[in-house]
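Peer 1: This is the structure, below, for whatever I ask next.
The values are calculated or read from the model by the stated rules, or taken from the named source; none is laboratory data. Values in this document were obtained by computation on a predicted structure and should not be read as measured data. With ideal geometry, Cβ positions are generated from the backbone for all residues, glycine too; neighbour counts draw on all protein chains shown. With ligands, DNA and RNA removed, areas are computed over all heavy atoms of the protein, side chains included. Shrake-Rupley method; radii C 1.70, N 1.55, O 1.52, S 1.80 Å.
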Amino acid sequence: MSGGSGHFAPLGGRLFTRTFAIASVLFLVAAVVLAQRFAGGLGAVANINDGYPWGMWVVVDVVIGTAFGCAGYVMALLVYILNRGHYDPLVRPALLAGLFGYTLAGVAVIIDLGRWWQFYNLLNPELMHGDSVMLEVGLCVLAYTVILWLEFAPAILERLGLRRAERIFDRGMFLLVALGVLLPTMHQSSLGTLLVVLGHQISPLWQSQLLPVLFLVSAILMGFATVVGEAVLASTGFRRPLERDLLGRVSRVMAYVALVWLVLRVVDLSVRGAFPLAFDGTVQAGMFWVEMTLHVVPLLLLASPAKRNQPPVLFASAALLLAGGIVYRINAYLVGYDPAGGTWAYFPSVPELLVTLGIFGLEVALYLLFVKKLPVLHRPEAHQA
Amino acid sequence: MGVIMRDGQDSGTVPDHYDTRTVGDPDGYDGALGGLKRRDFLKFCTGVAVTLGLGPGFGIRIADAATKAERPPVIWLSGQACTGCTESLLRTQHPTLESLILDHISLEYHETLNAGAGHRAEQHKEHILDKYRGQYLLIVDGSIPTGEAEAYCMVAGRTQRQSVEEAASGAAAIIATGSCASWGGIPSAAPDPTNARPVNAVVKDKPVITTPGCPANPYNLVSTVLHFLTFREFPEVDDKGRPVFAYGRLIHENCERRAHYDAGRFALEFGDEGHRKGYCLYKLGCKGPMTYANCPVIGFGDVAGEGAWPVGTGHPCFGCTEEGVGFFRPLHSLSDVENVEPPSAYPRVQAEEGEGVTPGAAAVVAGVGGAALGAGAVMTSRLARSGKGDGGDDSAGDDNARE
Amino acid sequence: MTVNRRDFLKGAVAGAGAAGVTAAAGPASALQRPTPELPPEAVGLLYDSTLCIGCKACVAACKDANGMAPEIHRDQRPWNQGTWDTPQHLSADTLNIIKVYRHGTMEQKDRAENGYAFIKRQCQHCIDPSCVSVCPVSANTKDPKNGIVGHDPDRCIGCRYCVLSCPFGVPKYAFNDPFGRIQKCELCNHLPAGQLPACVDVCPTGATLFGPTRKLKREAERRLAAAPGERLHVPRGDIEGRVGGERLGHDAEAARYQDHVYGESELGGTQCLMLSGVPFDKLGLPTDVPDYGYPAEAEGIQHTLYEGLVAPAVVLAGLAAVTWRNARGKADGRPGDADDGPDSGDTGGGP
């Protein structure tokens, strides 16, 4: 999106740092595990089973990964729809986070699909099943990944010096942005709707007809948290000035969203009468309180306008909210899930975890590559000008 | 008076390969049971002990009892029966009948086997009942007609009921052998014109051991008798008076075709592929699942050995030993499975499955979680420190180009 | 309470729709779509746990009919080196299984206290099947006439959403096969016409009966109406005697039944029905469930938001218009800057 050349610049610098090396090694380890997965089947490396057919790869890599990727979505929403142009410096980094979140989620889906070689059936209009939430999620995620790359294309074109192509993109950008806002709204809520059909298999602490709303709000929340966290990390990591004022304002919005989520969650639980379950001493109840704590504490941290733009508060609250979003998703998908037809256990196996770590490593390595080689980060002097 | 010519002199003919002079025969086992060599005799006694569930060590005690000089007198009365139980007993091999009745017991009266006849036989019976009152063993086969039909079975002017009552009054112990004597058997099945009753319906003041079967397996009868001779008491019995060693388990539990039942392989009709392959006969009406007997373990008539019993020959068990099953249930009707508990290998409704936390996985998760937590904390505190270093002008709102 | 709750949820989702998708999403209509009717020629099974003797003939026959390998669960490996088929669950190699409920001394069959009971698990062929509703590529289908829920591996992409969503835990995936597929009971509709489902064909006691669901329901009600101990004639094979030919039935004593036909109403009803002497939840069946299928809820939400893709199209148009207006007139194509404070301005700002 943001076409303004000159506002953004490649960071430059040495690519092969220690962080880059560790991330690459993690990815290589994952690649070995994946070779095993494709040779011997999912069961050869993962602990997913007939009771827990969805495990780490779906919940963390896809459901949580795309929520991280909502950074691009919330910034587009803020900058282009709500017309808050002053957030513009945060757009490209956010877009990049979204780009990797979604692209790698797509990779994870292919890894996780049991019959991946028939993936194209999802695009066959004759076979598309309109009632399926999964179809909507699949197509939306696919489409949004393409949109993200198109939105990010100007950064690459700028780097390549293709001015004319860049201008064409600029002209059509409004449509891309509109799609880039619509699609995540659809599928991030649908990631919650996915669970509605599971009925009694999901504990009443999480099962609700409000799941789509809760997941959408939570995704927006995680998107903001990613923007803030990434900005703070980038400024310290690359020794760049922190857009403190801007982040302070973003964090204010973030606090409001967190409040909305908490209110919705608590009202929903009370109306359904599910609260007693939170006090029965089970693992589910414990995880519920972890989830609530991770949302309440950052809200308290951000409550004071004076502290809101201080880097430690910014970073801590963003990190806690991200953790809260992660725990909420793991809770809804795995902890709160009680499989039908038997007592099943699931905990990710070591190779399974290594794949997730490897994808994370790939994400870090690519991020470093992109910000150093492409105009992603805001030029400090440009902002001050 | 022995009922059969004593042939004990055969015991002198010891096989050539066995030299009693070098080994000796201190306890007189050699030549016992109608001429068994010592080793085979002890083997047999040990076999009896094991059949009774006593353990091989008891073989010697059984051997001692079997070679004792004094043999207990036995009175055998037959009621409404087909003589099948006697016929079956005649064919017993372990031991042979002659050794049983000549060396172990003194069979004083048996209507089929009596050497004497008529008044002479009856006189002898009276004599024994008198002389050995309280010591003799009473064995009964066949059911007893009662009520108006009591007169349908009379020997020597006395009804069977009177004979049994009289003999039972002085008996040391009573064994009812065969299904007729045990619970009524064929005569008691509809229309039951003689109002046939088992022994324990007539003799109520004394315990009656039953060894049902049609005919009764002689091995079980002989084992019960030898147990009595050895220990002066009967083996453990169930609530129907049946020795537990023989009738403690369902035929179904020890059936040689049980594997087919468990795997769901059934003969569906006689002569079909499953039948030819020896599949389970449940669907053809096998009563094994509701009949208590040891047929699958020791074979049927103690004649042809293992496999020689109805199921072994391809016909479903018809439940001859079981009251209310044999002669009462249609031959090919389904039986109720009387397992007291379901097989333990069956999956539970709530069987547990799946891989839980492994130490390695826990370590990885803890490591990643800890690293994230640590990095977050370090990051926050570093930011906090650098924030202080900046001075207190955070609220100025302008971006600083320092750290 | 229910009305209040539903109203609340309706309102909440409508509000969220307005907030998240913008007001153009339109009012949320009734959240729950109606439950479908039982197909006209619906067929199914009637499993009577009290007649089942646990012989597992159906398990073996099912494996045979579907060409599946024996399974040896790892707990069985110490004593089972391949002689016995001892699966613990439905799986990609076991489409039909007999499980046992055991309690205390297990003295008596079909009794909850100190008793035991058998239960046969296979696909229930729901009237409103979750697996069909959730499948993105129409690999799971419900036959419009006989209602059999089938699976087409050539369509399936292996997302395993059906495995996750089935309230009875039926569809299973072959996790240890690099080219694994989803497997589920399809009522042996791959067998030549006129053949009974294998599990029914071999059942010695008629505990598993095949036939039109409506007739099976009447048969189940007949058994429930009988007094315990009453002699009942129990048919075998097809209740109508058509598929697989006429079969001899047998007489059995009516058991002490739970006064309910399982599958009559659960989750919108199933084409396979069950009778039992012990409470159904002890047999691992979900009992505390609504009388409509979960797809009615999930699809209701989806339809409300996405019916005909009208709402998304309207929203997209709105978003595009707003973006275009915000970006218009900027020399560099970048949006303008409205007021400070994200919560104070309108959405249509811009020069």
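Peer 1: Can you find, among A:A234, A:V253, A:G223, the residue sitting farthest towards the positive end of the charge dipole of the range A:216-259, where Lys and Arg contribute +1 and Asp and Glu -1 at Cβ?
Peer 2: Farthest towards the positive pole: A:A234.
Peer 1: Rolling a 1.4 Å sphere over the protein heavy atoms, what is the accessible area per residue of the range C:128-207, to the nearest Å²?
Peer 2: On the way: 2270 Å² over 80 residues.
Per residue, the range C:128-207 has an accessible area of 28 Å².
Peer 1: Another one. Which of the residues in the range B:322-343 lose at least 40 Å² of accessible area when you go from the chain alone to all protein chains together (probe 1.4 Å)?
Peer 2: Residues meeting the cut-off: B:L334, B:V340, B:E341, B:P342.
Peer 1: Going by a ≥ b ≥ c, the root eigenvalues of the Cα gyration tensor, does the range B:249-343 fall in the rounded group (a/c under 1.5), the prolate group (a/b larger than b/c) or the oblate group? Numbers along the way, then the final one.
Peer 2: Details: a/c = 1.26, a/b = 1.08, b/c = 1.16.
Cα axes put the range B:249-343 in the rounded bin.
Peer 1: Give the accessible area for C:W324 in Å² (nearest 10); use a 1.4 Å probe, count only protein heavy atoms, and leave out ligands, DNA and RNA.
Peer 2: 130 Å²
Peer 1: For A:I168, what accessible surface area do you get with a 1.4 Å probe? Give it in Å², rounded to 10.
Peer 2: 110 Å²
Peer 1: Compute the accessible area of each residue in the range C:36-74 twice, once for its chain alone and once with every protein chain present, using a 1.4 Å probe on heavy atoms, and list those whose area falls by at least 50 Å².
Peer 2: Residues meeting the cut-off: C:I53, C:C55, C:K56, C:R74.
Peer 1: On to the next question. Give the lysines reachable from B:K43 as a straight Cα distance under 30 Å; neighbours fewer than 8 places away on the same chain don't count.
Peer 2: Output for B:K43: B:K68.
Peer 1: Determine the dipole magnitude for the protein assembly as shown: charges of +1 sit on the beta-carbon of Lys and Arg, -1 on that of Asp and Glu, nothing else is charged, the reference point is the Cα centre, and the result goes in debye to the nearest 20.
Peer 2: For this selection, approximately 3220 debye.
Peer 1: Of B:S381, C:S130, which has the most accessible area with a 1.4 Å probe, and how do the rest follow in descending order? Don't skip to the answer; put the middle values down first.
Peer 2: Details: B:S381 55, C:S130 5 Å².
So the residues, ranked largest to smallest area, are B:S381, C:S130.
Peer 1: Please work out whether the range B:181-294 counts as rounded, prolate or oblate from its C-alpha gyration tensor, where a ≥ b ≥ c are the square roots of the eigenvalues and a/c under 1.5 means rounded, while otherwise a/b larger than b/c means prolate and anything else oblate? Display every interim value, and only then the final one.
Peer 2: On the way: a/c = 3.14, a/b = 1.64, b/c = 1.91.
Because a/c hits 1.5 or more and a/b fails to exceed b/c, the range B:181-294 counts as oblate.
Peer 1: Also, quick follow-up: Heads up, I need the accessible area for C:D75: 1.4 angstrom probe, whole protein in place, Å², nearest 10.
Peer 2: Per-residue accessible area (C:D75): approximately 100 Å².
Peer 1: Percent relative contact order of the range A:192-288, based on C-alpha pairs within less than 8 angstrom and at least six residues apart? Walk me through the intermediate numbers first.
Peer 2: Working: 61 pairs, mean separation 29.2, N = 97.
Once divided by the residue count of the range A:192-288, the mean separation gives 30 percent.
Peer 1: A follow-up question, please. Ignoring ligands, DNA and RNA, how much accessible area is buried between chains C and A, both sides summed, with a 1.4 Å probe, to the nearest 100 Å²?
Peer 2: Values: alone 19110 and 17330 Å², together 29250 Å².
By this definition, chains C and A bury close to 7200 Å².
Peer 1: Among C:K63/C:K99; C:K56/C:K109; C:K217/C:K282, which pairs are too far apart, with a Cα-Cα distance over 18 Å?
Peer 2: Details: C:K63/C:K99 16 Å; C:K56/C:K109 16 Å; C:K217/C:K282 22 Å.
Exceeds cut-off: C:K217/C:K282.
Peer 1: Would you please classify the overall shape of the range A:297-385 from the alpha carbon gyration tensor, given that a ≥ b ≥ c denote the square roots of the eigenvalues, rounded means a/c under 1.5, and beyond that prolate means a/b larger than b/c while oblate covers the rest? Present the calculation step by step, with values, prior to reporting the outcome.
Peer 2: Values: a/c = 4.07, a/b = 1.50, b/c = 2.70.
Oblate.
Peer 1: For the protein assembly as shown, what does the helix formula give at 222 nm: sum of -39500 (n - 2.57) over DSSP H segments with n ≥ 4, over the residue count, nearest 500 deg cm²/dmol? Walk me through the intermediate numbers first.
Peer 2: On the way: 37 runs with 472 residues, N = 1139.
Computed ellipticity for the protein assembly as shown at 222 nm equals -13000 deg cm²/dmol.
Peer 1: Just want to confirm a number: the relative contact order over chain A, from Cα pairs under 8 angstrom separated by 6+ residues, in percent. Walk me through the numbers on the way to the answer.
Peer 2: Values: 562 pairs, mean separation 130.2, N = 385.
Relative contact order comes out at 34 percent.
Peer 1: Could you state how much accessible area is buried at the A-B interface, both sides summed, with a 1.4 Å probe, in Å² to the nearest 100?
Peer 2: So the total buried area for this chain pair works out to about 2500 Å².
Peer 1: Order the following by accessible area, largest value first: A:F238, B:F328, A:F315. Probe radius 1.4 Å; ligands, DNA and RNA are ignored.
Peer 2: Values: A:F238 50, B:F328 100, A:F315 20 Å².
Descending order: B:F328, A:F238, A:F315.
Peer 1: Can you tell me the alpha carbon radius of gyration of the protein assembly as shown divided by the globular rule-of-thumb value 2.2 N^0.38 Å? The partial results should precede the final answer.
Peer 2: Details: Rg = 41.8 Å, N = 1139, 2.2 N^0.38 = 31.9 Å.
Normalised Cα radius of gyration, the protein assembly as shown: 1.31.
Peer 1: Per residue, how much accessible area does chain A have with a 1.4 Å probe, in Å²?
Peer 2: Numbers: 12550 Å² over 385 residues.
Result: 33 Å² of accessible area for each residue.
Peer 1: Then there's this: May I ask you to find the residues of the range C:296-313 that are shielded by at least 20 Å² of accessible area once the whole protein assembly is considered instead of their isolated chain (probe 1.4 Å)?
Peer 2: By number: C:E297, C:A298, C:E299, C:I301, C:Q302, C:H303, C:Y306, C:P312.
Peer 1: If you don't mind, another one. Ignoring ligands, DNA and RNA, what percent of the accessible area of the protein assembly as shown is carbon or sulfur (1.4 Å)? If you can, show how the numbers build up before the last one.
Peer 2: On the way: 26170 of 45260 Å².
With neighbouring chains kept in place, the figure for the protein assembly as shown is 58 percent.
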